[in-house]
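Only one structure is covered here, and it is reproduced in the block below.
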Amino acid sequence: MKGVDVLYGDVQAVWDLSIHVDEGAIVALVGANGAGKTTLLKAISGIIRAKRGEILFSGKSLTKIRPQEVVDIGVSHVPEGRRLFSKLTVFENLRLGAYPPRARPLFEKSLERAYGLFPVLKERKNQTAGSLSGGEQQMLAIGRALMAQPHLLMLDEPSLGLSPIFVRTIFELIGTLNDQKVTILLVEQNIHQALKIAHQAYVLKTGRIAMSGRGNELLANPEVQKAYIGERWGKPR
Amino acid sequence: MLKLLNVGLIAQGFVNGILFGTMYGIAAIGLSLIFGTMRIVFIAQGSVIVFFAYLCYWLYRLFGIDPYLSIIPIVLAALLLGIAFYYALFKEAAVLKDRISSLLIAVGLMFFLENFMMMAWTPNPRAVVTSYGFYNFSLFGINLTLTRFIGLLIAILATLGVFIFLKKTLIGTAVRAASEDIEASTLMGINPNRVNVVAFAMGIGLASIAGINIATTYSFDPVYGFDIAIKALIALTLGGIGTVHGALLGGILLGLIESYGTYFVGSAWAQAVCFMVFLLVLIFKPNGLFGGTSQES
């Protein structure tokens, strides 16, 4: 994406921002609350419109099209707070994940893949999504997004509010998915883990890019350590 | 007072309440569906119901079509009308998520229909009087009017149909998902207009069934619709927004309250009792009695 501005009413949340996500890479967006990370993902998936600039995906412009078309092109967004349909069953949530026309004929195959990645979802397929634990809900949210057979998967704070065990599971999963040729755009508060896994990372500050580089470079950068990670987390324990 | 406590009459009141209540129930399901995706109280629902009652009356008087035979063309016309109404009146406002405008359009539609019906059919009450309209039969010592009994069966079938549609079809599941979180549903590739129009057409379709039930069992006039809309809203509140069975049970409960209210304190006070229960439920169980889960913001 190039030179993107996003406004909420009169409040500008993202300023002239350009990022690039390589095919097959894991790219992390990190930064403090209110830095514009979530806004950026929403602009890509079309929930909010970019005021200026251009968002391109495999040469196609996403700037003018509606969210339901963005997901059909191959960009899935796992929103912050998971946003599951809590009164629907696990199976129904997954079924709706494959709603886009491109994904519909692949439903059986996608379902097998989701159940393969998360066996617990198969066990609980007839339970309502609201009855799952936080970690299971995050798995369902990711599984639901994968049902659309995305080329680019955008994850907004997938580790938020999860126990350390689930956090590790989620990060392992991101690696696994990336091995399966899914490009990942990751927004995380868990900066240490995110930078460790990312090929490329951008540090956002009040709607602008403050720093960018390879994940492990940024991790080693003293400025990043001081501002976002803190001594205890910066040093290997 | 003691002479009122007659088991036979109480049983009769129970049956009448249920017969009446299912009509409120299907009106409430329609409101619930439309509220679910578009987040507006479709206040014109009652007038739409009365409009279809007139249509049924008209087909009977002009062409001699039996009201129960006219169900198929009327429901089909209602579904088409629902689609037309949505695209002509509500789409623009719904796309902009402008609920105030949607609500105002619904109010406008209600007044338009009321006045249209007054011009077309005069303000005098009408009723569909068929040869079998007064036929009564007795079941376990309770008197039943044939038309009311058929009305009950139709209402139950319609509810079952809606329930199965929402549960089993992909677009039905999408409607339920959009009712919970419309933004997340667009991330799944669901077109908000598609679910809105499906929910709206179903709401109008249910209104047509309620209209046929009214035409065959009661007399109606052009402004009766507002009363039905308010009752459907109360039924919806009693049952809790968001579930089909909740709305139906809410309607039946309201029918029972009205029926027993009329029996014990007279029909004028029965209305007061209805509103009192409505207020009490709003105060103590704002999520409704049968809905269970809370309505998300």
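Give me the net charge for the shell around residue B:161: Cβ to Cβ below 12 angstrom, other residues only, Lys and Arg +1, Asp and Glu -1. All intermediate terms of the calculation are to be shown ahead of the outcome.
On the way: positive: B:167, B:168; negative: none.
Net of charged neighbours comes to +2.
Exposure proxy ranking for A:82, A:144, based on other Cβ atoms within 10 angstrom of each Cβ and starting from the fewest, stands as A:82, A:144. Here the Karplus relation 6.51 cos²θ - 1.76 cosθ + 1.60, evaluated at θ = phi - 60°, turns the backbone of the stretch A:206-218 into coupling constants of 6, x, 10, 7, 8, 7, 8, x, 6, x, 6, 5, 5 Hz, with x for every Gly and Pro.
Enclosing the Cα atoms of the protein assembly as shown in their convex hull gives a volume equal to 180 cubic angstrom per residue.
If you run the Gaussian network model on chain A, springs between alpha carbon atoms under 10 Å, then out of A:97, A:161, A:135 the most flexible one is A:161. Put in order of Cβ neighbour count within 10 Å, fewest first, the listed residues B:273, A:70, A:182 become B:273, A:182, A:70. Backbone phi angles across the stretch B:66-79, fed through the Karplus curve with coefficients 6.51, -1.76 and 1.60 (θ = phi - 60°), yield HN-Hα couplings of 4, x, 6, 6, 7, 4, 4, x, 5, 5, 4, 4, 5, 5 Hz in residue order; Gly and Pro are listed as x.
Which helices of chain A meet both criteria: a Cα extent of 20 Å or more along the helical axis and a mean Kyte-Doolittle score no lower than 1.6, with helices taken as whole DSSP H segments? Result, helices passing both filters: zero.
Close amide H pairs (under 5 Å, H built 1.01 Å from N) link residue A:205 with A:210, residues at least 5 positions away or on another chain. Separation of the stretch A:33-70 and the stretch A:177-218, taken as the distance between their Cα centroids, equals 18 angstrom. For chain B, the longest principal axis of the alpha carbon atoms and the long axis of helix B:45-63 meet at an angle near 60°. Residue A:91 sits among other residues whose Cβ lies under 11 Å from its own Cβ, and their net charge, with Lys and Arg +1 and Asp and Glu -1, is +4.
Can you put A:176, A:39 in order, fewest other beta carbons within 10 Å first?
Details: A:176 11, A:39 23.
Final ranking by Cβ density, sparse to dense: A:176, A:39.
Only the coordinates and a few stated rules stand behind these numbers; no lab work does. In this text the structure is predicted, and so the values were computed from the model without any measurement. In this analysis, Cβ positions are derived from the backbone assuming ideal geometry, glycine residues included, and neighbour counts consider all displayed protein chains.
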